[in-house]
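Visitor: Structure below; questions to follow.
The values are calculated or read from the model by the stated rules, or taken from the named source; none is laboratory data. The structure presented is a predicted model; accordingly, all values stated were derived computationally and were not measured. Glycine gets a Cβ as well: all are built from the backbone with ideal geometry, and neighbour counts include every protein chain shown. Surface areas here come from the heavy atoms of the whole protein model, side chains and all, with no ligands, DNA or RNA. Shrake-Rupley method; radii C 1.70, N 1.55, O 1.52, S 1.80 Å.
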Amino acid sequence: MDLYEYQGKQLFARFGIPVSEGKLASSPEEARAVAEELGGQVVVKAQVLTGGRGKAGGIKLADTPEEAARRAEEILGLDIRGHIVGKVWVEKASDIAKEYYLSITFDRGEKQPLLMLTTEGGVEIEEVAERSPDALARVHVDPLMGFQPFQARWLCFTAGVADPDEQKQVIGLVGRLYDAFVGADAMLCEINPLIVTPEGEVKALDSKFTVDDNALFRHPDIAEMRDLDAGEPQERLAREKGVTYVKLDGEIGILGNGAGLVMSTLDVIAQVGGRPANFCDLGGGGDAEGVVDALEVITSDPQVKGILFNIFGGITRGDEVARGILEALDRMTIELPIVVRLDGTNAEEGRAMLIEAASPNLYVEETMLSAAERVVELAGAR
Ligand code: GDP
Ligand code: MN
């Protein structure tokens, strides 16, 4: 789950990482009140789950509360890379002497968290990596040993953070960012820019914070930060129903049992010239309840023109799944063509049950390829 900048900063503050004081506003009037309360120059920042807000006009300085209201009016409603701005974060403006970059991500190749620091911050890190890879200091953290302060000293030395007082602050900050990363079960913690003020104070001016969805049960306070209005409505519904679902762009709704099987189904649909509308994994089960929930999510996507069940009976037997599908179709009205490919344990019994049910829009196929061809043809999606 991606957090908004202000939420990431709340977590930063909790772990002792310095950030500017600020408040959220969802109208120009509120922005004016916040600016008044903070006093002095403020910065009005669009809160959207995407980067590059500065370039898109989503970040503006304001000298007076009236100006803050005007800036908020300009920014609210703005479309930034497809994200409409509904809220702005108004914080005390900072004077910037230097812009650095600091992050922790997972290096999946090395199976270890990776710390990165560069004094060329403020721009996108991909740009730095391409233009001056030597400026980017990188060090892995052994998850069992944990972060060691010498690693932060090495980062400072390699990236060229020369001032001793700055070094001291950055070293402390790297340790606290690692604490935040581990403490929140994060996948990514990025500070860009990490600024040094003319007075020599180091602080986080921005935050990019991604928390592992699978660990959210351990962090109810973070789970509550999820913005239910952001993201695809189908994915929201899926979350509510506990269905494993990812929205895609095509027309063929897909359900299968097992993530690997569903992934290969996506490939086969593409192979026969169709486009999958989603990824949906029924898991080990195939009971009517689970099938109804999954079908409700899939058919809530108006783009779906046909549905493909790809079931391989293992521990869950084919006839059980067939019964689940039929019961589900009894309980709900679906007019879209539904193609079922059933194989594995008790597949023949299952197929016989489906054929016997003789629903006009239910088609049974024996192989994955023929099922994919059939559903794409029926959906008229080729
Ligand atoms: P991003 O564009 O989405 O990465 O948003 P950032 O929060 O990183 O802000 C983009 C840029 O706006 C920063 O790199 C700064 O140059 C500028 N900026 C943000 N906050 C302030 C501030 O308090 N004072 C000043 N002077 N500039 C700021
Ligand atoms: Mn930034």
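Visitor: Scan the stretch 43-72 residue by residue and report those that are in contact with a helix residue (DSSP H, G or I) (Cβ under 8 Å, 6 or more places away or on another chain), within 11 Å of ligand 1 (Cβ to nearest atom), open to solvent by less than 30 Å² (accessible area, probe 1.4 Å) and under 21 Å from Ala33 (Cβ atoms).
Guide: The answer is Val44, Lys45, Ala46, Gln47, Gly58, Ala62.
Visitor: Within the bounds of the stretch 45-58, is there any residue that is within 19 Å of Val196 (Cα to Cα), without any contact (Cβ under 8 Å) to a residue 12 or more places away in the chain and part of a loop (DSSP other than H, G, I, E, B)?
Guide: The answer is yes; a qualifying residue exists.
Visitor: Just to be sure I understand, how many residues within the stretch 262-286 are open to solvent by 20 Å² or more (accessible area, probe 1.4 Å) and either modelled with pLDDT under 95 or in contact with an Asp or Glu (Cβ under 8 Å, 6 or more places away or on another chain) (or both)?
Guide: 6
Visitor: Another question, then. Is it fair to say Glu21 is within 23 Å of Met225 (Cβ to Cβ) and either within 13 Å of ligand 1 (Cβ to nearest atom) or touching a residue at least 12 places away in the same chain (Cβ under 8 Å) (or both)?
Guide: Here the answer is yes, as Glu21 does meet what is asked.
Visitor: Need the failing condition index for Asp95 against (1) buried (at least 17 other Cβ atoms within 10 Å of the Cβ); (2) of a type outside the set (Gly, Ala, Ser); (3) at pLDDT 95 or above, just the number.
Guide: Going through (1) buried (at least 17 other Cβ atoms within 10 Å of the Cβ); (2) of a type outside the set (Gly, Ala, Ser); (3) at pLDDT 95 or above one by one, Asp95 breaks only (1).
Visitor: Same structure again: Has the stretch 101-108 got at least one residue that is without any contact (Cβ under 8 Å) to a residue 40 or more places away in the chain, closer than 28 Å to Ala186 by Cα and within 15 Å of ligand 1 (Cβ to nearest atom)?
Guide: no
Visitor: Can you name the residue in the stretch 7-25 that is open to solvent by 40 Å² or more (accessible area, probe 1.4 Å) and part of a helix (DSSP H, G or I) and, of all such residues, is farthest from Asp95 (Cα to Cα)?
Guide: Across the stretch 7-25, the extreme among qualifying residues is Arg14.
Visitor: For Glu373, state whether it is in a helix (DSSP H, G or I), touching a residue at least 60 places away in the same chain (Cβ under 8 Å) and over 11 Å from Ile307 (Cα atoms). Break it down into steps so the answer makes sense when it comes.
Guide: Working: in a helix (DSSP H, G or I): yes; touching a residue at least 60 places away in the same chain (Cβ under 8 Å): yes; over 11 Å from Ile307 (Cα atoms): yes.
Against the criterion (in a helix (DSSP H, G or I), touching a residue at least 60 places away in the same chain (Cβ under 8 Å) and over 11 Å from Ile307 (Cα atoms)), Glu373 qualifies.
Visitor: Is it the case, given these coordinates, that Glu120 is of a type outside the set (Phe, Trp, Tyr), over 26 Å from the mean Cα position of the chain (by Cα) and either within 16 Å of ligand 2 (Cβ to nearest atom) or assigned to a loop (DSSP other than H, G, I, E, B) (or both)?
Guide: Numbers: of a type outside the set (Phe, Trp, Tyr): yes; over 26 Å from the mean Cα position of the chain (by Cα): yes; either within 16 Å of ligand 2 (Cβ to nearest atom) or assigned to a loop (DSSP other than H, G, I, E, B) (or both): yes.
Against the criterion (of a type outside the set (Phe, Trp, Tyr), over 26 Å from the mean Cα position of the chain (by Cα) and either within 16 Å of ligand 2 (Cβ to nearest atom) or assigned to a loop (DSSP other than H, G, I, E, B) (or both)), Glu120 qualifies.
Visitor: Quick one: Leu155 ticks every box in (1) over 27 Å from the mean Cα position of the chain (by Cα); (2) free of Cβ contacts under 8 Å to residues at least 40 places away in the same chain except a single one, so which number is it?
Guide: Of (1) over 27 Å from the mean Cα position of the chain (by Cα); (2) free of Cβ contacts under 8 Å to residues at least 40 places away in the same chain, only one is false for Leu155: (2).
Visitor: Also, I was wondering about something else. If the Cβ limit is 8 Å and pairs must be 6+ apart or interchain, which residue in the stretch 72-85 that is free of Cβ contacts under 8 Å to residues at least 24 places away in the same chain pairs with which residue that is not in a loop (DSSP other than H, G, I, E, B)?
Guide: If the second residue must be not in a loop (DSSP other than H, G, I, E, B), the pairs left are Glu74/Lys60; Gly77/Ile84.
Visitor: Scanning for something within 16 Å of ligand 2 (Cβ to nearest atom) and in a strand (DSSP E or B), does the stretch 174-188 turn up at least one residue?
Guide: Going through the stretch 174-188, the residues within 16 Å of ligand 2 (Cβ to nearest atom) turn out to be 177, 188.
Okay, now just the ones that are also in a strand (DSSP E or B), so 188.
Yes, the stretch 174-188 contains at least one residue that is within 16 Å of ligand 2 (Cβ to nearest atom) and in a strand (DSSP E or B).
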